[in-house]
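S.K.: Have a look at the structure that comes next, please.
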Amino acid sequence: MTIPTTLPGDEPDAAPGNIIFDVSPAPAGAPVDTWSQERLISAGGLVFREAAGRIETLLCARNRPGFQGADAPLSWRLPKGTPETGESVEQTARREVQEETGLQVTVLAPITSIRYYFVGHNDGVRYDKTVYFYLMEPSGGSTSDHDSEFDVVEWCEYNQALEMLEYDNERSVLGEALSLIETYRRSGQP
């Protein structure tokens, strides 16, 4: 479940690591205005590695709604999630990526953010969501230890990942990350 989070002055670009989230819930019994708009904030990462001279990225997938079993079509995404009270954007990104992928990760640099809107299925509220993404590399763990939010976590060659990702805005994150990855590969610094 995504918790509405207000972050005054937030803009859709790379977030500094010193923003602290306040995820206090709305007061009990507060009326739900079906035409209201809530700001949501999430954070996640693009984990990459080099294998046989190729760049691979880590993608997560879940079965599409209404499908089950080994032949179920998958919806591929980048790992991301909701902040806990007191976390910075970077801390949220690291924790969510570690939980959803099973890997320990090192955050290298902010990549970008994406912003999109959706209407809540249960509350009719229009949400304005910004997701901050960070470039990361694995430092331990195993994808077999990923949490239950996703059905599959896999390494994919960069161009294959561009084709597999469900949403164009996440493909744009991959595109933005490529120059950072190339810089990191040449110099060791993103």
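The values are calculated or read from the model by the stated rules, or taken from the named source; none is laboratory data. For clarity, every value in this text was computed on a predicted model and none was experimentally measured. So basically every Cβ, Gly included, is an ideal-geometry build from the backbone, and we count neighbours across all protein chains shown.
S.K.: Hey, can you tell me all the residues within the range 147-175 that are in contact (Cβ under 8 Å) with a residue 60 or more places away in the chain, over 11 Å from Trp76 (Cβ atoms) and either out of contact with any Leu (no Cβ under 9 Å at 6 or more places or on another chain) or among the β-branched types (Val, Ile, Thr) (or both)?
M.R.: Glu149, Glu157, Ser172, Val173
S.K.: Let me ask something else. What is the residue count in the range 100-128 for residues that are in contact with an Asp or Glu (Cβ under 6 Å, 6 or more places away or on another chain), surrounded by fewer than 16 Cβ atoms within 10 Å (Cβ to Cβ) and over 16 Å from Ile41 (Cα atoms)?
M.R.: Total meeting the criteria: 1.
S.K.: I'd like the full set of residues that are assigned to a helix (DSSP H, G or I) and over 21 Å from Val131 (Cα atoms), limited to the range 159-190.
M.R.: Correct list: Asn159, Gln160, Glu182, Thr183, Tyr184, Arg185, Arg186, Ser187.
S.K.: Starting from residues that are within 17 Å of Val97 (Cα to Cα) and of a type in the set (A, V, I, L, M), keep the ones in the range 162-180 and report whichever is nearest to the chain's Cα centre (by Cα).
M.R.: Result: Val173.
S.K.: Got a sec? Which of Glu56, Glu99, Glu50, Glu90 is within 19 Å of Glu149 (Cα to Cα) and either within 11 Å of the chain's Cα centre (by Cα) or at pLDDT 90 or above (or both)?
M.R.: Glu99
S.K.: Does Leu180 satisfy being buried (at least 18 other Cβ atoms within 10 Å of the Cβ), in contact with a Pro (Cβ under 6 Å, 6 or more places away or on another chain) and closer than 14 Å to Thr57 by Cβ?
M.R.: yes
S.K.: So which pairs qualify, if the first residue must be in the range 81-95 and charged (D, E, K, R), the second must be part of a helix (DSSP H, G or I), the Cβ gap must be under 9 Å, and the two must be at least 6 apart or on different chains?
M.R.: Glu84/Gln91; Glu84/Thr92; Glu84/Arg95; Glu87/Arg95
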